[in-house]
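*Asks:* Handing you this structure, nothing more for now.
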Amino acid sequence: MAKEMNTDQINEEQKVQMQAEQEQIKQNMKHIKHQILVLSGKGGVGKSSIAVNLAVWLSMQGKKVGLLDVDIHGPSIPKLLNLEGRKLQGRENKIEPIVYSDTLKVMSIGFMIQDENAALIWRGPMKHHVIKQFVSEVSWGDLDYLIVDCPPGTGDEPLSIVQLLGKADGAVVVTTPQQLAVTDVKKCLTFCKQLNLPVLGVIENMAGFVCSHCNQRTDIFGGDGGKQMAKEFNVPFLGSIPIDPNMVAAADLGKPFIYYNKQSPTAQTINYVFEPLLQSDKQIETHNQENKMKIAIPLAQGKLTLHFGHCEQFAIIDINEETKEIAGREDLTPPAHEPGVLPQWLHEQNVNVIIAGGMGQRAQQLFTQNDIKVVVGASSSTPEELVLAYLQDTLQTGDNICDH
Ligand code: ADP
C-alpha cells in the first residue's frame, strides 16, 4: 500500500524542491549583470517592438545582451528579428539560445513550436514550467543585460518570471497615450509595486505621428498623460516614441528599426528614451558602491599627516562591512589643494569616512556636505592601524591640533 504523507511532509518536500530550483536558476543566471522586464497593461501597444529595439540598442552600445520572449501565446520576437523557423540545439543538458549577433542571444517559445499557427492551450503550471526552463536550462552565459519581453497584462507569465528571477533590476512599462486613462497601465504599475519590482520607467509609445515623406512629427493625441501617470505613481518617465510607419515596415521585414534606421528622427528619439536605462546601469553600480565603506587617510611619508593641508597622498581603504576587515588599499595623489576640490574629489572616489589629524572648520563642513564623515584628532600612525582601530571603536582621538 502506498505510504500516505501528511501535509507537513508535503510542504517540507515542496520547500526542498523549490530551494533546489532556486539554486539551479541562481547558478544558471549568475553571470547576468542586469535583468530588465518589459511589461504592458494591454496587447498591441508596441511592447515587443520596444523589447527588441531595447535589446538591439544595448548591443549597439557594446553590451552583451540576451532577449527572452516569455509570451507563450503570442511569441513575436522570432518574427521581429527574422529568426522564424530556427531550431534550438541542446548541449550538455542545456538549451543553447539562438545567436542573433556576436552580442545578442535570443530565446522564445516560438523556437519550440512546430506550427506557428497552432494555438497553445497550456494551463498555468505548464507555462510556469517552460518559463522555469528558460531561466534554469538555457545557457545564457556572460551577459550585461537580459531583456525579458513579458506577455501583456498581469497574469501568470509575468508573475512567474518575476518570482523565478527573484532579483530583476526592474520593469519598463510600455503604454500608448489613448490608454493612459484606462486602468490597465495603473494595474501594471500596481502589480510591480505589489511584487516589489522597481519601475525603471514608463515609455509612451505611438505618441504622435511621423510622416514617412517629410519626417515631420504631429502630436495627434497631445497632452502629457504618460508623464502625469508616472508622476502619480512616483516612477520615472522615459519619454514618448511617435507612430512611425517605418517601424511597422521594419517589424514586418524582421529588421530591428533602431539598427536599420539609425539616422532617422524616431531613432534619435528612441536613443533619448533608452539612454537612462544605460545610465541605470551606472546608478545600480554607484548604488552598490554607496553601500560600501571606504575610508580615506591623508598621508605624508606613509603615515597620517597631522597637517591636512600638507598631505601628499591619500590612502583609500576598502572595508568589508560584514567582517569589519580591510578588503583593499589604494594610494592616490589628490588634485591641487583648492578650497572645495578635495571633498568633491574624495566623494567621487566613493569615500564616506575620512580620518584626519587636524582640519579646519570650513573644510570639515565641506566634507559633511559631500556625505563624508570626518574624524579629527587622530595620531600619526599607519592607515591600517588607524582604520582597524576605527572599526573596533578603539580609535584614540585628541585635539584638532591643526585647524588650518
Ligand atoms: P505588443 O507587443 O504590445 O503586442 P507589438 O510590438 O507587437 O505590440 O506592436 C504591435 C504593432 O504595432 C506592430 O505591427 C508594430 O510594428 C507596431 N508598432 C509598434 N510601435 C510602433 C510605433 N512606434 N510606430 C508604428 N508602429 C508601431
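*Asks:* Looking only at strands (runs of 3 or more DSSP E) that lie completely in the range 304-404, which have at least 2 residues being without any contact (Cβ under 8 Å) to a residue 24 or more places away in the chain?
*Replies:* Working: elements: 313-320, 325-332, 353-355, 373-375.
The qualifying strands (runs of 3 or more DSSP E) are 313-320, 325-332, 373-375.
*Asks:* Go through the range 369-404 residue by residue and tally those that are exposed (fewer than 15 other Cβ atoms within 10 Å of the Cβ), under 34 Å from the mean Cα position of the chain (by Cα), under 20 Å from residue 319 (Cβ atoms) and modelled with pLDDT under 90.
*Replies:* 1
*Asks:* Further, regarding this structure: In the range 241-254, which residue that is in a strand (DSSP E or B) and without any contact (Cβ under 8 Å) to a residue 60 or more places away in the chain is surrounded by the fewest Cβ atoms within 10 Å (Cβ to Cβ)?
*Replies:* Residues of the range 241-254 that are in a strand (DSSP E or B), as a first pass: 241-243.
Then drop every residue that is not without any contact (Cβ under 8 Å) to a residue 60 or more places away in the chain, which leaves 242-243.
On the way: 242: 21, 243: 19.
Top of the filtered list is 243.
*Asks:* Regarding the range 170-186, can at least one residue be identified that is under 25 Å from residue 130 (Cβ atoms), assigned to a helix (DSSP H, G or I), in contact with a strand residue (DSSP E or B) (Cβ under 6 Å, 6 or more places away or on another chain) and of a type in the set (A, V, I, L, M, F, W, C)?
*Replies:* Scanning the range 170-186 turns up no residue that is under 25 Å from residue 130 (Cβ atoms), assigned to a helix (DSSP H, G or I), in contact with a strand residue (DSSP E or B) (Cβ under 6 Å, 6 or more places away or on another chain) and of a type in the set (A, V, I, L, M, F, W, C).
*Asks:* Among the strands (runs of 3 or more DSSP E) contained in the range 61-151, which hold 2 or more residues that are at pLDDT 90 or above and over 25 Å from residue 21 (Cβ atoms)?
*Replies:* Working: elements: 65-69, 89-91, 94-96, 98-101, 104-108, 143-149.
Filter on the range 61-151 gives 98-101.
*Asks:* Next up: Can you tell me which of 277, 342, 332 is closer than 21 Å to residue 362 by Cα, modelled with pLDDT of 80 or more and of a type in the set (A, V, I, L, M)? Can you show your working first?
*Replies:* On the way: 277 fails: closer than 21 Å to residue 362 by Cα; 332 fails: closer than 21 Å to residue 362 by Cα.
That would be 342, the only listed residue that is closer than 21 Å to residue 362 by Cα, modelled with pLDDT of 80 or more and of a type in the set (A, V, I, L, M).
*Asks:* Go through (1) part of a helix (DSSP H, G or I); (2) within 15 Å of the ligand (Cβ to nearest atom) for residue 275 and report which single condition fails.
*Replies:* (2)
*Asks:* If I ask for residues that are among the charged types (D, E, K, R) and within 12 Å of the ligand (Cβ to nearest atom), which ones from the range 236-270 would you list? Walk me through it before giving the result.
*Replies:* Initial filter on the range 236-270 (among the charged types (D, E, K, R)): 244, 252, 255, 262.
Those that are among the charged types (D, E, K, R) and within 12 Å of the ligand (Cβ to nearest atom): 244, 252, 255.
*Asks:* Being more than 23 Å from residue 254 (Cα to Cα) and more than 19 Å from the chain's Cα centre (by Cα) is true for just one of 89, 35, 17. Which residue is that? Don't jump to the end; show me each part of the working.
*Replies:* Details: 89 fails: more than 23 Å from residue 254 (Cα to Cα); 35 fails: more than 19 Å from the chain's Cα centre (by Cα).
It is 17.
*Asks:* Could you please find all residues in the range 33-75 being among the hydroxyl-bearing types (Ser, Thr, Tyr) and over 13 Å from residue 259 (Cα atoms)?
*Replies:* We begin by selecting, within the range 33-75, every residue among the hydroxyl-bearing types (Ser, Thr, Tyr); these are 40, 48-49, 59.
Passing the criteria: 40, 48.
*Asks:* Which residues, counting only those in the range 89-105, are closer than 21 Å to residue 51 by Cα and either touching a residue at least 24 places away in the same chain (Cβ under 8 Å) or surrounded by 14 or more Cβ atoms within 10 Å (Cβ to Cβ) (or both)? Steps first, answer last, please.
*Replies:* Going residue by residue through the range 89-105, those that are closer than 21 Å to residue 51 by Cα are 96-105.
Of everything in the range 89-105, those that are closer than 21 Å to residue 51 by Cα and either touching a residue at least 24 places away in the same chain (Cβ under 8 Å) or surrounded by 14 or more Cβ atoms within 10 Å (Cβ to Cβ) (or both) turn out to be 96, 97, 98, 100, 101, 103, 104, 105.
*Asks:* While we're looking at this one, here's another question. So in the range 71-113, with the set limited to residues that are within 15 Å of the ligand (Cβ to nearest atom) and among the acidic types (Asp, Glu), which one is nearest to residue 146 (Cα to Cα)?
*Replies:* Here the answer is 71.
*Asks:* Check the range 37-58 and report whether any residue there is within 12 Å of the ligand (Cβ to nearest atom), within 21 Å of residue 133 (Cα to Cα) and among the charged types (D, E, K, R).
*Replies:* no
*Asks:* Now a separate question. Out of 47, 15, I need the residue that is out of contact with any strand residue (DSSP E or B) (no Cβ under 8 Å at 6 or more places or on another chain) and at negative phi. Which one? Walk me through it before giving the result.
*Replies:* Values: 47 fails: out of contact with any strand residue (DSSP E or B) (no Cβ under 8 Å at 6 or more places or on another chain).
After applying the criteria, what remains is 15.
*Asks:* Condition (residue is at pLDDT below 90, assigned by TED's automatic domain parsing to the domain that holds residue 204 and among the charged types (D, E, K, R)) applied to the range 2-16: is it met by at least one residue?
*Replies:* no
The values are calculated or read from the model by the stated rules, or taken from the named source; none is laboratory data. Because the structure is predicted, anything quoted here is derived from the model rather than measured. Glycine gets a Cβ as well: all are built from the backbone with ideal geometry, and neighbour counts include every protein chain shown.
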